[in-house]
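Some notes on the structure that comes next.
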Amino acid sequence: GQNIDQPTEMTATEGAIVQINCTYQTSGFNGLFWYQQHAGEAPTFLSYNVLDGLEEKGRFSSFLSRSKGYSYLLLKELQMKDSASYLCAVRDPSSGSARQLTFGSGTQLTVLP
Amino acid sequence: GAGVSQSPRYKVAKRGQDVALRCDPISGHVSLFWYQQALGQGPEFLTYFQNEAQLDKSGLPSDRFFAERPEGSVSTLKIQRTQQEDSAVYLCASSLDRGKTEAFFGQGTRLTVV
């Protein structure tokens, strides 16, 4: 089976740093993705980790520990436009076509002024 | 086109009605996925195409759901005899079939069954 957990909601202040955690239990692992989704819009790709460690891309960083089944998304210098749902997703090669993503329920981030 | 395009954006159907949802993937993308997203939840996998071949339909919730991609580009998700529990956003995604292959999503079709 597959299980992906992330907090339902988080609140942070404009200009601050926020860390969104994701834990996963899957039969296999072939990459972890983070997506951002504003209300009523398409999920947009943020980051991809397949090896342990930190991937940095501008204000966004993503970390992966495969042995712990753990990832986090770090958002720095928060802006009001960062208010959105953040989706953690895992690709499990043992599932079906091995190409689909299994998503967590998403973390709704609210950035306050 | 520049991105994944889905139509219609919104669809209201009476219970028992058949609906067809269209997806135009990014040109050249081999893989195409359909997901269902309930309010406040993450997308859930429905089915996967590689070119015109439907390689995985394990996520389709019932035999009322049918998807096709006859020429390996545009795809249609059809739902027969819609039920209220079918109300959700239906997302289409496409990706290249190599490398990290992140999926690019369309804006979805919001289906409301009344």
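Summary table below
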quantity	calculated
Tally of residues being more than 9 Å from chain B (Cβ to nearest Cβ) and crowded, with 22+ Cβ neighbours inside 10 Å across segment A:76-106	2
Flag for A:Gln25 being surrounded by fewer than 13 Cβ atoms within 10 Å (Cβ to Cβ) and either touching a strand residue (DSSP E or B) at 6+ places or on another chain (Cβ under 7 Å) or within 10 Å of chain B (Cβ to nearest Cβ) (or both)	yes
Subset of segment A:35-55 [closer than 23 Å to B:Gly106 by Cα and facing chain B (nearest Cβ under 10 Å)]	A:Tyr35, A:Gln37, A:Gly40, A:Glu41, A:Ala42, A:Pro43, A:Thr44, A:Phe45, A:Leu46, A:Ser47, A:Tyr48, A:Asn49
Residue tally, condition among the acidic types (Asp, Glu) and facing another protein chain (nearest Cβ under 9 Å), over segment B:34-52	1
Among residues of segment B:20-50, those that are surrounded by fewer than 20 Cβ atoms within 10 Å (Cβ to Cβ) and closer than 19 Å to B:Ser5 by Cβ, counted	8
Meets criteria (away from chain B (no Cβ under 13 Å), over 19 Å from B:Ser95 (Cβ atoms), free of Cβ contacts under 8 Å to residues at least 60 places away in the same chain and loosely packed, with under 12 Cβ neighbours inside 10 Å) for A:Ser61	no
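The rows are residues; the columns are (1) part of a strand (DSSP E or B); (2) at pLDDT 90 or above; (3) within 14 Å of another protein chain (Cβ to nearest Cβ).
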| residue | (1), (2), (3) |
| --- | --- |
| B:Pro61 | no, yes, no |
| B:Phe66 | yes, yes, no |
| B:Glu71 | no, yes, no |
| B:Leu77 | yes, yes, no |
| B:Glu85 | no, yes, no |
| B:Ser94 | yes, yes, yes |
| B:Glu102 | no, no, yes |
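The values are calculated or read from the model by the stated rules, or taken from the named source; none is laboratory data. What you are looking at is a predicted structure, and each value in this text was computed from that prediction instead of being measured. Please note: Cβ atoms are built from the backbone with ideal geometry, for glycine as well, and neighbour counts cover all protein chains shown.
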